[in-house]
Amino acid sequence: MNKTTLAEFLTHAELAEPALRGMITDIAQACKAIAVQVNKGSLLGTMGSLEAQNVQGETQKQLDVISNDLFLQMNQQGGHYAGMASEEMDEPYLIPERYRQHGRYLLLFDPLDGSSNVNLNLSVGTIFSILRCPHGISEPLVMDFLQPGSAQVCAGYALYGSSTMLVLTIGQGVHGFTLDQDSGDFVLTHATMQIAASSNEFAINMARQRWWDAPVQRYIADCQAGSEGPLGKDYNMRWVASMVAEVHRILIRGGVFMYPVDARTREAGGRLRLMYEANPMAWLVEQAGGLASDGQQRILDITPQGLHQRVAVYLGSREEIQRMATYFKA
Ligand SMILES: O=P(O)(O)OC[C@H]1O[C@](O)(COP(=O)(O)O)[C@@H](O)[C@@H]1O
Ligand SMILES: [Mg+2]
Ligand SMILES: [Mg+2]
């Protein structure tokens, strides 16, 4: 079998920005290093929680911090970035002067997504997004990061599951690479991933049902009514509590994923983070033929107001997301 490695893929890809080759290579290396940490599990004694809370008010896991540090260190050396921002850091990280000479980009990431699963040996991942730095090599300010998702030049995730995968887009479709543990190469195994237009599988945290708004209540009630209800088909449900794993499932076999704003999260704006989770995932989903909305508008069109902004997320199979929109308009 002819194998295309990530390095070969990047050599032959028509890159709008030549620097993408180096940036994606560095991201892949960092994800491999995080995969090792996750994979060694309890052998390293790093599966626990810390005393500290992150800026989101969530208790950090040891591996949240380890992954964050690895991602920072391994991506700054290429000299591509002016700054980085992460779910685990209050403020943006200014790249040290010695690495910043050519830094024309910004890197945003969720170093360990689904980290509540990490000590359960369930799937976790890393989500990343690259933006241009509007002021070239100057010091980035928070406002430089506040660009809509439609301005991303690269987005993707690593999934640390039964195999380690890197799935990414540079605006030319979505491509998935599986880590070959023998050679250490990411190998193209999922070229041009496409989300099925229709589906009958939904993912939502049902435990929050009593706090949902009426449109979400109605849509899920109709899904549950199945072939005896207005939608005329039976639905299946999944909830991994790891967005990377949910989006990966949708890329492989279709479906929808929802994290609505509800009575408990309204003040915060929702649960998921726009810059580190929703934007990169929304671009991947759209590039694979699906849709991603906050219930009112395309996620990629949202003008961010803050680095750690939260947002409602509805994404996945095109027909199902369009159907859901009719519930919001009703
Ligand atoms: O606690 P819940 O409601 O199951 O939330 C699960 C959601 O939270 C997240 O785990 C948030 O990610 P982090 O682990 O990076 O904080 C998403 O991946 C997932 O969709
Ligand atoms: Mg996350
Ligand atoms: Mg996280």
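The values are calculated or read from the model by the stated rules, or taken from the named source; none is laboratory data. These numbers come from a predicted model, not from an experiment. No Cβ is skipped: glycine too gets one built from the backbone with ideal geometry, and neighbour counts run over all protein chains shown. Just so you know, the surface numbers come from the protein's heavy atoms only, side chains and all, with ligands and any DNA or RNA stripped out. Shrake-Rupley method; radii C 1.70, N 1.55, O 1.52, S 1.80 Å.
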#### Entry: Computed Rg/Rh of the stretch 144-222, alpha carbon atoms with Kirkwood Rh
1.11
### Task
Provide the net charge surrounding T265, with neighbours chosen by a C-beta distance below 10 Å and charges set as Lys +1, Arg +1, Asp -1, Glu -1.
+3
### Rounded to 5, percent antiparallel among DSSP beta bridges of the chain
85
## Note on the structure
For K61, counting only lysines whose alpha-carbon sits under 20 Å away and dropping same-chain residues fewer than eight positions off, the answer is K32, K40
### Message
For the stretch 6-190, what does the relative contact order come out to in percent, with C-alpha contacts under 8 Å and a separation of six or more?
### Response
16
### Message
Per 0.36 nm of contour for each residue apart, how much would the distance between H12 and A151 grow if the chain were fully extended, relative to their Cα-Cα spacing?
### Response
47.7 nm
### Backbone HN-Hα couplings from phi across the stretch 174-179 [Karplus 6.51/-1.76/1.60, Hz, Gly and Pro as x]
10, 10, x, 10, 9, 6
### Contour excess over end-to-end distance, with Cα ends at R298 and V36 and 0.36 nm allotted per residue
90.7 nm
## Note on the structure
Kirkwood radius from Cα pairs of the stretch 182-247 plugged into Stokes-Einstein at 37 °C, 0.692 mPa s, gives D in µm²/s equal to 224
### Query
Taking the Cβ of G316 as the center, what net charge do the other residues with Cβ under 15 Å away carry, scoring Lys and Arg +1 and Asp and Glu -1?
-1
### Query
For the chain, what are the DSSP H helices with axial Cα length of 18 Å or more and mean Kyte-Doolittle hydropathy of at least 0.5?
19-40
### Query
For the chain, modelled as a GNM with alpha-carbon contacts under 10 angstrom, which of A263, A282, A196 fluctuates the most?
A263
### Query
Ranked highest first by average number of other Cβ atoms within 10 Å, how do 153-162, 70-79, 225-234 line up?
153-162, 70-79, 225-234
### Mean projected area in nm² (Cα convex hull; one quarter of hull surface) for the stretch 201-329
7.4
### Message
Tell me the mean residue ellipticity at 222 nm calculated for the chain from its helices only (DSSP H runs of n ≥ 4, each -39500 (n - 2.57), averaged over every residue, nearest 500).
### Response
-8500 deg cm²/dmol
### Task
Quote the Stokes-Einstein diffusion coefficient, in whole µm² s⁻¹, for the stretch 3-67, based on the Kirkwood radius over alpha carbon pairs, a temperature of 20 °C and a viscosity of 1.002 mPa s.
150
### Query
When only Cα pairs under 8 Å and 6 or more residues apart are kept, what is the percent relative contact order across the stretch 216-330?
27
### Task
In nm, give the distance between the simple-model label positions of E51 and E319, each being 7 Å from the Cα along the Cα-to-Cβ direction.
5.6
#### Entry: Cα convex hull of the chain - mean projected area over all directions, nm²
17.0
### Gaussian network model of the chain, Cα within-10 Å springs - most flexible of L307, L106, L122
L122
### Task
Report the net charge of residues surrounding S293, where surrounding means a beta-carbon distance below 14 angstrom and charges are Lys +1, Arg +1, Asp -1, Glu -1.
-1
### Message
I'd like the projected area of the stretch 1-143, averaged over all directions, using the convex hull of its alpha carbons. Report it in nm² with one decimal.
### Response
10.3
### Task
Could you look at the stretch 6-190 and say what percent of its accessible area is carbon and sulfur, using a 1.4 Å probe and all protein chains?
50
### Query
Rg/Rh for the stretch 256-302: what does it come to with C-alpha atoms and Rh from Kirkwood?
0.97
